[in-house]
Amino acid sequence: MLRNLRAFGLSLVAVLAIGAVGASAASAAPQFHFESEHTIITGQQTTVNALSFDVGVVECGIVQFAGTKAVFTSTTITLTPTFDNCLLDEEEEVTFTHNGCNFLYHIGADTEHFTGTISIECPDNELIELDAGECTITIPPQGNLGTVTFTNEGAEMTRSVVFDQGIAGLHYVEHGASCENETGTTNNGAYTGRVTITGENTMGAHRGIWVQ
């Protein structure tokens, strides 16, 4: 009898331990995962990315991102943006200059829906600039802009993450005679569009990136 009780007790402890591990895993906050310890990250727009301001909407033929990560897991990804072949309202040419500014993507704690925010980080006294001739738009550093939705795509070494960006409340200033709201700081800017983020190791071989 004593032997049976002891066996039952050990079984109960094991079941409780497994349950605790399962509950801990289920409640773990989402992170970006990198198959390689050193991952070279690139991103390409897969739908048109648009920046909206009082003066109009800027769309670019080329939208790319670049970054690196030297860990296997992280709640953030920092990417340097490149926007080329840009037009304001499909007419006026626009030059985008990041001036060393980066986009910091942060994944939130929701374990059912992988969503997060973006922050713009710049060196001291620097801003993102969009020059549209007689109207120049500057975007200062700012944080916690939402929302970005993260979706896994692909399998194994070709895993990638799709960033669906629905950013609202972007702060910016317009400078110039043809601007809609010259020299006024506004927070009604928006950034929308889809970007697919992929990874490679230092040898140029594909390595998976995913959220979990």
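Computed from the coordinates by the stated procedures, all read-outs in this text should not be read as laboratory data. Values in this document were obtained by computation on a predicted structure and should not be read as measured data. For neighbour counting, all protein chains shown are included, and Cβ atoms are generated from backbone atoms with ideal geometry for every residue, glycine included.
In region 73-212, a dipole from Cβ-located charges (positive for Lys and Arg, negative for Asp and Glu) runs towards its positive end, and of THR198, ASN187, ILE137 it is THR198 whose Cα lies farthest in that direction. Against the chain, whose longest principal axis comes from its Cα atoms, helix 2-27 is set at around 0 degrees. Dimensions of the chain from C-alpha coordinates, computed as largest minus smallest value along each principal axis and given longest first, are 92, 38, 31 Å.
Given Cβ point charges of +1 (Lys, Arg) and -1 (Asp, Glu) and nothing else, what value in debye, to the nearest 20, does the dipole of region 55-194 about its Cα centre take?
780
Here is how the number arises for the chain: DSSP H runs of 4 or more residues each give -39500 (n - 2.57), the sum is divided by the residue count, and the result at 222 nm is -4500 deg cm²/dmol. What separates the Cα centres of region 48-102 and region 134-192 is a distance of 8 Å.
Among beta bridges from DSSP that stay inside the chain, the antiparallel ones total about 100%.
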